[in-house]
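What follows is one structure encoded as structure tokens, with my remarks underneath.
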């Protein structure tokens with residue numbers, strides 16, 4: 001049985017909430033370039049207006065890793081939820097919710113539920129260290145995205 005970890009962080013955006021939500025949820029096959037994954041591919045399958053499957057393929061060394069995510073959109077709440085269906089963190093779930101921070105800025109509240117299949121039991125200190133590592137990695141990625149968003153939308 002996998003070991004589950006929860007973690008959370010907040011990322012500020014220099015754009016209004018609705019613009020931030022639209023930017024974050026308009027997926028593109030070239031999205032991996034924003035995240036500095038040049039040897040990656042993305043396939044986008046729109047199941048319904050509010051449900052999409054993202055299939056990301058990463059080429060690492062000689063290996064090919066595919067991650068498939070089911071994404072549910074809640075535009076009225078400026079929220080989306082991504083659940084990994086395949087890959088090394090299968091059934092992990094990530095909740096993204098954007099809220100206004102004044103009229104010209106917003107913030108993302110990110111909550112992660114990470115399922116670790118390599119470990120079944122972690123002591124309290126090890127679990128905290130891993131959650132801190134995951135929080136930092138995801139937070140750094142969202143700092144890059146916030147910068148790209150500001151460049152795209154604040155022209």
Practice prompt. Please work out the Cα convex hull volume for segment 3-153 and give it in Å³ per residue.
Written response: 113
Worksheet item: How much mean residue ellipticity at 222 nm does the chain get from its helices, if each DSSP H run of length 4 or more adds -39500 (n - 2.57) and you divide by all residues, to the nearest 500 deg cm²/dmol?
Response: -9000 deg cm²/dmol
Worksheet item: At a Förster radius of 35 Å, what calculated FRET efficiency corresponds to the Cβ-Cβ distance of residue 64 and residue 123, to the nearest 0.05?
Response: 0.55
Discussion item. Can you tell me which of 117, 21, 96 moves the most in a GNM of the chain? Springs connect C-alpha atoms under 10 Å apart.
Written reply: 117
Discussion item. Assuming 0.36 nm per residue, please report the length gained on full extension of the stretch residue 46 to residue 109 beyond their Cα-Cα distance.
Written reply: 20.2 nm
Practice prompt. Springs between alpha-carbon atoms under 10 Å, Gaussian network over the chain: tell me which of 41, 66, 120 tops the mean-square fluctuations.
Written response: 120
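Values in this text are rule-based calculations from the coordinates and carry no lab data. Because the structure is predicted, anything quoted here is derived from the model rather than measured. As a convention, Cβ positions derive from the backbone with ideal geometry for all residues, glycine included, and neighbour counts pool all protein chains shown.
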